[in-house]
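Working notes, beginning with the structure itself.
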Amino acid sequence: MITTEHIQTAQEFLDKADRYFSEGDELQGSEKMWGAAAHAVMAVAQQRGWNFGDHRSLKVAVRRLADELDDPFLETAFGVAEKFHANFYHKFMQDYEFERDRPAVRLFVQRLHSLMASE
């Protein structure tokens with residue numbers, strides 16, 4: 001996948017997550033939220049020549065970006081995305097968490113997309 005395809009996939013996953021949540025399918029919505037964040041990180045990492053082939057590499061890439069940009073929100077929001085990923089497997093999130101936490105992942109994806117556009 002090329003960089004622009006990762007960004008496009010991230011946006012498609014955000015849109016799909018919204019549909020799943022509106023239909024009451026929190027598990028699929030959760031996994032799409034994670035997928036959106038992961039693909040946004042893959043895009044930035046690929047653009048910068050960083051490894052992005054596994055979960056740990058994505059986490060390292062986010063830490064590098066947060067340090068480089070002096071933006072701790074990036075790590076926090078990625079942690080929220082990881083929470084959605086875990087929810088897909090363990091179904092532990094409460095209804096209020098879906099509404100509270102989704103905007104952080106959406107903003108994370110938007111920030112990474114704008115970061116790529118500015119470079």
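Six or more apart or on different chains, Cβ under 9 Å: which pairs go from a residue in the range 33-45 that's closer than 9 Å to Leu14 by Cα to one that's of a type in the set (Ser, Thr, Tyr)? Could you list them?
Gly35/Thr9; Ala36/Thr9
Tell me the residue from Glu12, Glu31 that is in a helix (DSSP H, G or I), more than 22 Å from Arg64 (Cα to Cα) and under 11 Å from the mean Cα position of the chain (by Cα), please.
Selected residue: Glu31, the only one of Glu12, Glu31 that is in a helix (DSSP H, G or I), more than 22 Å from Arg64 (Cα to Cα) and under 11 Å from the mean Cα position of the chain (by Cα).
Every residue in the range 15-30 that is open to solvent by 40 Å² or more (accessible area, probe 1.4 Å) and within 21 Å of Leu74 (Cα to Cα), please.
Across the range 15-30, the qualifying residue is only Asp15.
From the list Trp50, Trp34, which residue is surrounded by 14 or more Cβ atoms within 10 Å (Cβ to Cβ), under 20 Å from Arg106 (Cβ atoms) and of a type in the set (Phe, Trp, Tyr)?
Trp34
Scan the range 72-94 residue by residue and report those that are without any contact (Cβ under 8 Å) to a residue 40 or more places away in the chain and either open to solvent by 100 Å² or more (accessible area, probe 1.4 Å) or not in a helix (DSSP H, G or I) (or both).
Passing the criteria: Pro72, Tyr89, His90, Phe92, Gln94.
The values are calculated or read from the model by the stated rules, or taken from the named source; none is laboratory data. Since we're looking at a predicted model, the values are computed, not measured. Quick reminder, even Gly has a Cβ in these numbers, built from the backbone with ideal geometry, and neighbours come from all protein chains shown. Ligands, DNA and RNA are stripped out before the accessible areas are found, and what is left, the full protein with its side chains, is counted by its heavy atoms. Shrake-Rupley method; radii C 1.70, N 1.55, O 1.52, S 1.80 Å.
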